[in-house]
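Worksheet: the structure to be examined is printed underneath.
The values are calculated or read from the model by the stated rules, or taken from the named source; none is laboratory data. Keep in mind that what you see is a predicted model, and the values were worked out from it rather than measured. Positions of Cβ are generated from backbone atoms using ideal geometry, with glycine treated the same way; all protein chains shown enter the neighbour counts. These accessible areas exclude ligands, DNA and RNA; they are computed on the full protein's heavy atoms, side chains included. Shrake-Rupley method; radii C 1.70, N 1.55, O 1.52, S 1.80 Å.
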Amino acid sequence: MGFFDALSNFFTGGAGGVVQSIADTIKDYFPPSMSEEEKTKLTAEIRQQETARRQALLTLAMQADREVTERAAKLEGTAGDLKALPVVGRLILFLRGCQRPAWGFAAMTMDWLWFTSWRLTDKQESALIVINVLVLGFLFGERTVKNLQPLLVEIFGGRAKGDK
């Protein structure tokens with residue numbers, strides 16, 4: 001929801017945003033004879049109109065997002081399209097489903113061998129570290145890799161500079 005939050009913050013802002021600035025500007029031009037109750041009603045109407053406008057904008061943004069998703073599905077196909085192929089389609093679906101566990105177990109096996117019996121060169125160790133970061137990012141998401149980045153730099157940063 002980051003995109004929608006950004007849109008909302010654009011209109012409301014930290015100090016009132018568009019709605020508050022419009023209300024403050026109009027207050028400067030209120031007739032002196034206008035009562036406080038009338039000023040409050042007008043300000044509330046401005047807020048209500050801006051809320052309706054913001055909701056319409058968010059609806060358009062969600063519709064655009066939905067259209068992009070539908071277009072991607074139409075161009076790239078979906079898992080349901082693969083079911084139409086009798087044997088090959090089901091095989092592809094099975095292999096797609098097995099991919100995460102296969103990469104995870106492969107990385108875990110390589111790590112086990114690395115720490116127990118393999119004697120690797122610096123380049124091989126660097127490649128294994130890259131593979132682990134890619135697998136972790138694939139399995140657990142980009143945020144995990146970003147959270148681990150300071151630790152990885154601390155542990156392996158000296159090695160990149162030639163220190164040991």
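Listed here are the residues, each with its yes/no results for (1) in a loop (DSSP other than H, G, I, E, B); (2) closer than 30 Å to residue 22 by Cα; (3) touching a strand residue (DSSP E or B) at 6+ places or on another chain (Cβ under 6 Å).
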| residue | (1), (2), (3) |
| --- | --- |
| 45 | no, yes, no |
| 54 | no, yes, no |
| 66 | no, no, no |
| 85 | yes, no, no |
| 97 | no, no, no |
| 106 | no, no, no |
| 109 | no, no, no |
| 118 | yes, no, no |
| 137 | no, no, no |
| Residue selected from region 72-83 under the condition part of a loop (DSSP other than H, G, I, E, B) and either more than 17 Å from residue 97 (Cα to Cα) or at pLDDT below 80 (or both), by the criterion most open to solvent (accessible area, probe 1.4 Å) | 78
| remark: Condition set loosely packed, with under 12 Cβ neighbours inside 10 Å and among the aromatic types (Phe, Trp, Tyr), scope region 108-135, selection modelled with the highest pLDDT: answer is 112
| request: Give the number of residues within region 84-97 that are surrounded by 11 or more Cβ atoms within 10 Å (Cβ to Cβ) and either within 26 Å of residue 132 (Cβ to Cβ) or acidic (Asp, Glu) (or both). | output: 2
| task | Please identify the pairs in which a residue from region 136-164 that is at pLDDT below 80 has its Cβ atom under 8 Å from the Cβ atom of a residue that is outside any helix (DSSP H, G or I) and of a type in the set (Gly, Ala, Ser), counting only partners at least 6 apart or on another chain. | result | none
